[in-house]
Amino acid sequence: MAALAPAPFAGTLLTPDSPGYDDARRVYNGSIDRRPAFIARCGSADDVAAALALARRHDLAVAVRGGGHSIPGWSVVDGGLVVDLTAMREVRVDPGTRTAVVGPGATWAEFDAAAQQHGLATPGGEISHTGVAGLTLGGGIGWLSRMHGLACDNLLAAELVTAAGEIRWVDDRTDPELMWGLRGGGGNFGVVTSFTFALHPVGPVPGGVVFHRGERAAEVLRLYRDLGAAAPRQLSLVAVQATAPPAPFVPEELRGRSLAGISAAWFGDAADAERMLSPIRSALGRPEIDMLGVLPYCALQQSVDTSAPWGMRSHLKSDFLDELDDAAIDALVATAAQRRHPMSHVLVRRLGGAIADVGPARTAFAHRSATHMTTIVGVWDAAGEPGPESAWARRTWAATRRLACGTYVNHLEDEGGGRVREAYPSTTWARLAALKARLDPENVFRHNQNVPPAR
């Protein structure tokens, strides 16, 4: 239903002089310090339409904030208007139909908690304070993805406000091309004010992590690769190179030392869990740290939150890989070992399974055949300089660059249009540009990993 004459704005409009303005403009990436002219805290789709009308009247650049977790800080814009959706965080679960309706301000922690009250879940992110909206619109890779696909594969319907202020409810019947674009095309087509997801039964999860000393990293990554090549889709695997924190689970003599490990989660029959997880525990001999067990799904989803705290200053590089050969492992291990900050780390996630079941033309997320995803995070302190660890992240990323077969749009920094193009094959890009021309011909929603409208 169109809303060509939007209702009056009923939310809260913040300016630089308003109480709470500074808190409202802060985002996940602590290195971002932008000062919008207005922050429109919306409570409904009508509020969003009214906020966009205000931006049109005053020719203001528009940023859209869901969870505020955009790595390059696209959630806030200097001198423009932020459409702030953080108050719209309701999660309504229908266990009978195994569906959930989720507000665009909700985080995965909130969504997971609501769904798990009924023993249900849908694939979500690895960090629980990530917003549902941004992650889903860029694809959405997580622990459940080999079993049940991406977050966007489980998106059934959406309510969206266009740049012109039209409020639309869409699904695969009413506008299949727009639904195609929302499944991986990012925030290029409007402000999504409601998501409807399919849910799946998920109970306690056998899994966890084992760590060996960092000097065994090449062995650990080879084990990760070889186990993943033969693993059923029920097994999710991530290789980790990190520095041991001063945490209770870390022996005193290992704190501050380099570690290499494998994180795992088993979503199959519980009777098979020990057989599937035992090689992770035993193939390389007794690990230095063994945290394999059975944990609630929400605990799994929050298990790496401490490695990415809100406000962290970081530089991230990432790619999809079509293989991980011995030379790539050796190069990755060598450069990963040069990190200096104790929170800098390298992850390699096994893809495939249900992700690859979906044809590359069925969603805007098209890199379905990739077998691995690298995530390299360089971190610095507030009083430090970003240069050294950012340069380290780029060197480490370059170690496997020859095997790259695309990149994940949700992991892009502000790297320019060429890198955004790497997130989409050429045929996908052409479809996205045509859809953009239909929904947002003036490119109002350009403060993002932008797909310009076809001309």
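Each value in this text was obtained by applying a stated rule to the coordinates, not by laboratory testing. Note that the structure is predicted; figures quoted are calculated from it, not measured. Every residue, glycine as well, gets a Cβ built from its backbone with ideal geometry; the counts of neighbours run over all protein chains shown.
Ordered by the number of other Cβ atoms lying within 10 Å of each residue's own Cβ, fewest first, 122, 97, 407, 374 fall into the sequence 97, 407, 374, 122. For the range 205-411, the Kirkwood hydrodynamic radius from C-alpha pairs, put into Stokes-Einstein at 10 °C and a viscosity of 1.306 mPa s, yields a diffusion coefficient of 90 µm² per second. A value for Cα extents along the principal axes in Å was derived from the coordinates, and within the list (1) 81, 66, 54; (2) 68, 51, 41; (3) 63, 63, 42 it appears as (2). Taking the square roots of 5 times each eigenvalue of the Cα gyration tensor of the range 1-143, largest first, gives ellipsoid semi-axes of 28, 19, 12 Å.
Dipole orientation for the chain: of the candidates 439, 8, 205, 439 has the Cα lying most toward the positive pole (charges on Cβ; Lys, Arg +1; Asp, Glu -1). Contact order, relative form, for the chain: 16 percent (alpha carbon pairs under 8 Å, 6 or more residues apart, mean separation divided by residue count).
Every Cα-Cα pair of the range 12-84 was included, and the share exceeding 19 Å stands at 26 percent. Using all pairs of distinct alpha-carbon atoms, the Kirkwood hydrodynamic radius of the range 91-201 works out to 13.7 angstrom. Taking Lys and Arg as +1 and Asp and Glu as -1, the other residues whose beta-carbon sits under 13 Å from that of residue 65 total +3.
Counted by Cβ distance under 14 Å from residue 206, the other residues give a net charge of -2, where Lys and Arg count +1 and Asp and Glu count -1. Among the chymotrypsin sites (Phe, Trp or Tyr not before Pro) found in the range 148-253, those both in a DSSP coil and sparsely packed, with 15 or fewer other Cβ atoms within 10 Å of their Cβ, are 249. 3J(HN,Hα) along the range 359-374, derived from phi through the Karplus expression 6.51 cos²θ - 1.76 cosθ + 1.60 where θ = phi - 60°, amounts to x, x, 8, 7, 9, 5, 6, 10, 7, 7, 8, 4, 9, 9, 9, 8 Hz, with x in place of Gly and Pro. Rounded to 0.05, the FRET efficiency of the residue 294 and residue 438 pair, given R0 = 30 Å and the Cβ-Cβ distance, is 0.05. Around the amide H of residue 405, modelled in the peptide plane, lie the amide H atoms of 320, 321, 322, all under 5 Å away and 5 or more residues distant in sequence or on another chain. In loop segments of the range 361-455 as defined by DSSP, there are no chymotrypsin sites (Phe, Trp or Tyr not before Pro) with at most 11 further C-beta atoms inside 10 Å of their C-beta. Electrostatic bookkeeping for residue 44 treats Lys and Arg as +1 and Asp and Glu as -1; over the other residues with beta carbon under 14 Å from its beta carbon, the sum is -3.
For the pair residue 17 and residue 414 in one chain, pulling the backbone fully straight at 0.36 nm per residue adds 140.0 nm over the alpha carbon distance. Three principal axis extents of the range 389-455 based on alpha-carbon atoms, in descending order, are 41, 23, 16 Å.
3J(HN,Hα) couplings calculated from phi for the range 17-32 with the Karplus curve 6.51 cos²θ - 1.76 cosθ + 1.60 (θ = phi - 60°) are, in sequence order, 8, 7, x, x, 4, 5, 5, 5, 8, 6, 10, 3, 6, x, 7, 8 Hz; Gly and Pro show x. Nearest 10 degrees is fine. How inclined is helix 273-282 to the longest principal axis of the chain, computing both from alpha carbons? That helix lies at roughly 60 degrees to the long axis. By its C-alpha gyration tensor, with a ≥ b ≥ c as the square roots of the eigenvalues, how is the range 127-261 shaped: rounded for a/c under 1.5, else prolate for a/b larger than b/c, else oblate? It comes out prolate by the Cα gyration axes. Does the range 88-149 classify as rounded, prolate or oblate by the C-alpha gyration tensor (a ≥ b ≥ c root eigenvalues; a/c under 1.5 gives rounded; else a/b over b/c gives prolate, otherwise oblate)? Since a/c reaches 1.5 but b/c is at least a/b, the shape of the range 88-149 is classed as oblate. If each Cα of the range 330-455 is one equal point scatterer, what is log10 of I(q)/I(0) from the Debye formula at q = 0.11, 0.12, 0.13, 0.20 Å⁻¹? After summing over all Cα pairs, the log10 values are -0.49, -0.58, -0.66, -1.14.
Hull volume per residue, based on the alpha-carbon atoms of the range 380-422 and their convex hull, is 86 Å³.
Under the combined filter of DSSP loop state and at most 14 neighbouring Cβ atoms within 10 Å, the range 290-351 retains these trypsin sites (Lys or Arg not before Pro): 340.
Using θ = phi - 60° in the Karplus curve 6.51 cos²θ - 1.76 cosθ + 1.60, the 3J(HN,Hα) couplings for the range 120-128 round to 10, 6, 9, x, x, x, 8, 10, 6 Hz; x is entered for Gly and Pro.
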